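First comes the structure, then the notes that go with it.
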Amino acid sequence: MTHTASSFSANQEGEHLPVLFDEVLSVFEEMDRKNLLICDATFGGGGHTSGFLDRLPHSRVVAFDQDPSAAPRAEAVEASYGERFRFIPENFESIPEDEELGKGFDGALFDLGVSSFQLDEGNRGFSFREDAAVDMRMDPRVGISAAEFLETADESELVEAVRDFGEEKRWRTVVAAIIQARGTGALQTTHRLAQLIEDTLGRAPAYLKGRKTLRRHPATLTFQGIRIAVNRELEVMERAVPATFKLLKAGGRLAVISFHSLEDRFIKRIFRQFAGRPEHKNDSRPAEERQIQGKLLTTKAIQASDAELARNPRSRSARLRLIEKL
């Protein structure tokens with residue numbers, strides 16, 4: 001499954017739309033309690049946050065986003081909702097460190113991956129639709145750029161990025177080409193990097209989707225894997241989601257939207273662990289070794305409706321999973 005965008009994504013007219021908006025909002029509207037405190041772990045464009053504040057009139061939202069470009073959007077939400085909204089310009093791994101949230105809260109939403117705002121900002125280097133420096137950092141103020149990673153990473157780190165995070169089957173060829181291209185400038189801009197990979201792998205075969213003939217660019221999976229590596233996305237998610245569940249009050253709910261098979265696989269397993277169920281088909285531990293901390297609100301991931309897919313094609317990869325803390 002390739003990665004597309006996070007919940008605040010854009011339709012064909014460029015209007016930014018929160019993915020699975022009604023499905024997410026209904027999860028928290030069903031909660032029979034007043035003065036809900038909700039954590040939006042990935043503010044993005046503020047679509048879900050605004051929905052919470054609009055449709056749950058006594059709620060408060062604390063939102064996180066490490067991307068500096070999210071701050072002006074957060075200021076607009078604060079101007080509309082005042083003290084009901086608080087924005088923290090940090091990665092969601094900081095949730096347990098927040099003084100208020102550390103005392104417990106009623107619900108949380110994680111919208112994993114890169115947002116359409118980031119994809120649509122061509123100078124960020126997340127996509128190869130436009131030519132730009134290969135940066136890919138969600139927070140450009142920290143860490144190293146993707147170009148620097150490609151120029152300096154150990155071969156094992158490149159393998160992890162391309163094979164494990166990108167799930168590129170021809171990873172050996174791609175990794176060898178990246179190492180060979182070091183120092184030539186081919187790893188510095190999105191168009192040159194995408195062309196290097198296309199020259200290495202050849203044009204991808206076409207496939208049918210409905211009545212359309214589509215062709216995925218051969219660099220798509222490698223770009224995805226590099227981005228995940230540079231931003232430590234899986235590492236941070238694997239720490240932050242369990243820590244957030246631990247802070248939920250009894251009866252609190254956790255919703256996670258993922259777009260990538262690696263993310264969704266982890267969320268599925270950790271939710272089943274919280275619910276005291278086998279994490280996978282080979283998990284044969286006896287019931288007495290399992291701890292039941294939560295209740296799955298749905299056994300299968302919720303996906304976008306046909307109407308939403310028609311309105312917003314980027315929602316096709318979205319998977320929503322839900323759990324309630326006991």
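Values for this structure:
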{"item": "Residues located in the stretch 15-33, provided they are assigned to a loop (DSSP other than H, G, I, E, B) and touching a residue at least 40 places away in the same chain (Cβ under 8 Å)", "result": "19, 20, 31, 33"}
{"item": "Residue, most open to solvent (accessible area, probe 1.4 Å), within the stretch 57-92, restricted to residues that are in contact with a Leu (Cβ under 9 Å, 6 or more places away or on another chain) and among the aromatic types (Phe, Trp, Tyr)", "result": "81"}
{"item": "Pairs, first over 13 Å from residue 124 (Cα atoms) and surrounded by 12 or more Cβ atoms within 10 Å (Cβ to Cβ) in the stretch 180-193, second among the β-branched types (Val, Ile, Thr) and at pLDDT 95 or above, C-beta under 8 Å, six or more apart", "result": "187/134; 187/178; 193/134"}
{"item": "Count of residues meeting criterion [over 20 Å from residue 51 (Cβ atoms), under 14 Å from the mean Cα position of the chain (by Cα) and of a type outside the set (Asp, Glu)] in the stretch 84-115", "result": "2"}
{"item": "Residue in the stretch 252-293 that is surrounded by the most Cβ atoms within 10 Å (Cβ to Cβ), counting only those that are in contact with a Leu (Cβ under 6 Å, 6 or more places away or on another chain) and of a type in the set (Gly, Ala, Ser)", "result": "258"}
{"item": "Residues of the stretch 152-173 satisfying the condition of being open to solvent by 60 Å² or more (accessible area, probe 1.4 Å) and either of a type outside the set (D, E, K, R) or without any contact (Cβ under 8 Å) to a residue 40 or more places away in the chain (or both)", "result": "152, 154, 155, 156, 169, 170, 172, 173"}
{"item": "Residue 249 vs. criteria more than 23 Å from residue 107 (Cα to Cα), surrounded by fewer than 21 Cβ atoms within 10 Å (Cβ to Cβ) and of a type in the set (Lys, Arg)", "result": "no"}
{"item": "Positions within the stretch 26-43 being open to solvent by 10 Å² or more (accessible area, probe 1.4 Å) and either under 18 Å from residue 91 (Cα atoms) or small (Gly, Ala, Ser) (or both), in sequence order", "result": "26, 42"}
{"item": "All positions within the stretch 294-310 that are under 20 Å from residue 113 (Cβ atoms) and surrounded by 15 or more Cβ atoms within 10 Å (Cβ to Cβ)", "result": "301, 302, 303, 304, 308"}
{"item": "Spans of strands (runs of 3 or more DSSP E) in the stretch 203-306 with at least 3 residues touching a strand residue (DSSP E or B) at 6+ places or on another chain (Cβ under 9 Å) and closer than 27 Å to residue 29 by Cα", "result": "248-258, 294-296"}
{"item": "Hits in the stretch 124-133 (condition: aliphatic (A, V, I, L, M) and open to solvent by 20 Å² or more (accessible area, probe 1.4 Å))", "result": "133"}
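Condition check ((1) free of Cβ contacts under 8 Å to residues at least 12 places away in the same chain; (2) farther than 29 Å from residue 193 by Cβ; (3) open to solvent by less than 50 Å² (accessible area, probe 1.4 Å)) across all residues:
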{"site": "94", "(1), (2), (3)": "no, yes, yes"}
{"site": "102", "(1), (2), (3)": "no, yes, yes"}
{"site": "109", "(1), (2), (3)": "no, yes, yes"}
{"site": "112", "(1), (2), (3)": "no, no, yes"}
{"site": "116", "(1), (2), (3)": "no, no, yes"}
{"site": "122", "(1), (2), (3)": "yes, no, yes"}
{"site": "135", "(1), (2), (3)": "no, no, yes"}
{"site": "147", "(1), (2), (3)": "no, no, yes"}
{"site": "150", "(1), (2), (3)": "no, no, yes"}
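The values are calculated or read from the model by the stated rules, or taken from the named source; none is laboratory data. Being a predicted model, the structure only gives us computed values, none of them experimental. Every residue, glycine among them, receives a Cβ derived from its backbone with ideal geometry; neighbour counts consider all protein chains shown. Quick note on the areas: whole protein, heavy atoms, side chains included, nothing else; ligands and nucleic acids left out. Shrake-Rupley method; radii C 1.70, N 1.55, O 1.52, S 1.80 Å.
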